[in-house]
1. Output the residues belonging to the range 243-260 that are assigned to a loop (DSSP other than H, G, I, E, B), hydrophobic (A, V, I, L, M, F, W, C) and over 20 Å from the mean Cα position of the chain (by Cα).
2. Considering the range 135-167 alone, what residues qualify as being part of a helix (DSSP H, G or I) and aromatic (F, W, Y)?
3. Among the residues of the range 2-22, which ones are surrounded by fewer than 16 Cβ atoms within 10 Å (Cβ to Cβ) and either within 20 Å of W160 (Cβ to Cβ) or modelled with pLDDT of 95 or more (or both)?
4. Could you run through the range 117-169 and say how many residues are surrounded by fewer than 21 Cβ atoms within 10 Å (Cβ to Cβ) and among the hydroxyl-bearing types (S, T, Y)?
5. Counting just the residues of the range 139-166 that are among the small types (G, A, S) and in contact with a helix residue (DSSP H, G or I) (Cβ under 7 Å, 6 or more places away or on another chain), which one comes out farthest from S191 (Cα to Cα)?
6. Limited to the range 179-190, what total is found for residues that are in contact (Cβ under 8 Å) with a residue 40 or more places away in the chain and assigned to a helix (DSSP H, G or I)?
7. Given the structure, is I193 on the phi < 0 side of the Ramachandran plot, crowded, with 19+ Cβ neighbours inside 10 Å, β-branched (V, I, T) and at pLDDT 95 or above?
8. For the range 41-72, give me each residue that is at pLDDT 90 or above and part of a loop (DSSP other than H, G, I, E, B).
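The values are calculated or read from the model by the stated rules, or taken from the named source; none is laboratory data. Just so it is clear, the structure is predicted and the values come from calculations on it, not from any experiment. Glycine gets a Cβ as well: all are built from the backbone with ideal geometry, and neighbour counts include every protein chain shown.
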Amino acid sequence: MRSSTDGRGLGMFFLLAFGISWAAWFAGGFLFPGSAGLLVVLGGFGPAIAAVTVSLPFGGGGSGGLIRRIVHWRAPASLYVFALLMPPLLYSIAAAVLHLLVELRVPAGVPSILAYPTALLGAALFGGGQSEVGWRGFALPRLQEALAPLDASLLLGFLWALWYLPLFFIPGVPHLGMPILSHVAIVVGFSVILTWLYNASGGSVPVAVLFHAGAILARGWYPSDLCLGFTSSGAIIVLVVWATAGILVWRSGEGLGLAG
């Protein structure tokens, strides 16, 4: 069943999300470089802050709807398993394929199984997962009111990828020097997967947060060129992500699990 949200506030949401995040990242990169790390983290809260701010004036599908989606934990266990395991699996498949082509050494920074829950919690709350309050909690339901879910996913994915743009120019940030085109391709592919997760879970933000946090961690465990550029290694992870998204579209249709 479609949510009761409407398109009100979408433009303001994106304006605030970009404005808050980009202002913090610009300040961290160029005005207060000594506080760059803190300001980069704070900038990641832009979409969540924007979602809460814009939804407050609206009843029904406004703040109440956003809160319901944030606290919607009762999703099928299989979706939590998917959200938890799929991101590292995708990067592991890409690494395995790359290993068949060239020698690939696992970075020393890969955490142990015991350390993974703590790392996942940190990524969920402060490392980017929290932005799902804005992307899937606020923007996606409204976009799906106006567009087919697949179209909404592609549009949101492009805007989500564009939101990262300042990070590609800030010294000390992992995105520095990354080819932007491959970044867009990966993020848009993840957006399709996240739409399916969100719809199949009945509108659960926690499930989306879990997947997003896992993707952030898994990306950092492998050599940077695995997810960057349309080199052989970069192309592999793009193809793996899009193959997964394609399978979900094939299995669920362009509705991506959205109930009629």
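1. Residues of the range 243-260 assigned to a loop (DSSP other than H, G, I, E, B): 253-260.
Subsequent filtering for residues that are hydrophobic (A, V, I, L, M, F, W, C) retains 256, 258-259.
Passing the criteria: only A259.
2. Step one: of the range 135-167, the residues part of a helix (DSSP H, G or I) are 135-146, 149-163, 165-167.
Within the range 135-167, W135, F138, F158, W160, W163 meet the criteria.
3. G7, G11, M12, L15, G19
4. Number of matching residues: 2.
5. A139
6. Looking only at that region, the number is 7.
7. Yes; evaluated as a whole, the condition is true for this residue.
8. G44, F45, V71, H72
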